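The values are calculated or read from the model by the stated rules, or taken from the named source; none is laboratory data. What you are looking at is a predicted structure, and each value in this text was computed from that prediction instead of being measured. As a convention, Cβ positions derive from the backbone with ideal geometry for all residues, glycine included, and neighbour counts pool all protein chains shown. Note: accessible area is taken over every heavy atom of the protein model, side chains too, but ligands, DNA and RNA are not part of it. Shrake-Rupley method; radii C 1.70, N 1.55, O 1.52, S 1.80 Å.
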Amino acid sequence: MDKVAENPLKNRNSGDMLLVVITALFVTTYLVSNIMAVKVIGIFNILYFDAGTVTFPFAYMLGDVLTEIWGYRTAKKVILLTFVCNVIMVVCTQIGVWLPSPDYLDVTAQSYNTIFNYVPRIVIASLAGFLLGELSNAWLMEKIKVKLGESRLWVRTIVSSVVAYVLDTVPFVLIAFAGTIPWRDILLMIALQYVMKLGIEAFFGTPLAYSLIGFINHKLRR
């Protein structure tokens, strides 16, 4: 069989490939966070947060990278793409819930149904907060950059996240967990998730964003 000749033009722009990689990581991180959010973690029966809180700030970090390198318009398109991917995940996992399974796999089927029957509520909550939080984060990143210029990336990432995490965390927790856990725990969850997300992004996400942005800029200049 004859081999198809590689088109040298299609891989000419390394920036396109880098955008694809960052977009794939961004979408994956949100999908993973939404599934992990089904599990609520309790520490000493005082502090409560969903497991997705651990990975969620890295999605914001990738959103910062998208906005910093490719601008708000591109980041907005990726955010809307992620929205669609989350909807597709809900539809597909629900089809899996409705499909029959053999009796000898009944325990596995029940476990699957328990998790993915709750995922739609998590995803609806996440999408409400996601659109408010991520779009405001990208918009603020761009506006602060116009005011301050290229320097002080950490100011843009942290200040935008301070606002965006409020718009994300409050609707997410209320929609995802109202009626399933006491209101006292919901308020504690909102406060703890906000602090944890901001802390993880400040101490881990922002240094990683610096590294990624530096790496991407280096690749684009070559």
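To put it simply, the accessible area of the stretch 133-182 at a 1.4 Å probe is 73 percent carbon and sulfur. Taken along its three principal axes, the alpha carbon spread of the stretch 108-201 comes to 54, 28, 19 Å, from the longest extent down to the shortest.
Here's how it looks for Ala37: its modeled amide H is under 5 Å from those of Gly52, which are all 5 or more places away or on a different chain.
Given their separation in residues at 0.36 nm each and the Cα-Cα distance between them, Lys76 and Asn217 gain 48.7 nm when the chain is fully extended. Can you give me the C-alpha center-to-center distance between the stretch 93-115 and the stretch 45-89, rounded to a whole angstrom? Taking the Cα centre of each part, the stretch 93-115 and the stretch 45-89 sit 29 Å apart. Computed from Cα atoms alone, the Kirkwood hydrodynamic radius reported for the stretch 3-145 is 17.3 Å.
What range in the chain is the longest one free of GluC sites (Glu not before Pro) that are in a loop by DSSP and have at most 16 other Cβ atoms within 10 angstrom? All intermediate terms of the calculation are to be shown ahead of the outcome.
On the way: sites that count: Glu6, Glu150.
It runs 7-149.
Accessible surface computed residue by residue for the stretch 125-222, with neighbouring protein chains in place and a 1.4 Å probe, gives 50 Å² per residue.
Quick one: among Leu148, Leu188, Leu80, which has the greatest mean-square fluctuation in a GNM of the chain with alpha-carbon springs under 10 angstrom? Taking springs between Cα atoms under 10 Å, the residue moving most is Leu148.
Pair-distance distribution of the stretch 80-149: all C-alpha pairs, bin width 10 Å, starting at 0; shares per bin in whole percent are 18, 33, 22, 14, 8, 3, 0.
From the cross-link list Lys77/Lys143; Lys77/Lys219; Lys39/Lys197; Lys76/Lys143, which pairs have alpha carbons spaced over 21 Å apart? Walk me through the numbers on the way to the answer.
Details: Lys77/Lys143 18 Å; Lys77/Lys219 23 Å; Lys39/Lys197 17 Å; Lys76/Lys143 14 Å.
Lys77/Lys219, as the Cα separations exceed 21 Å there.
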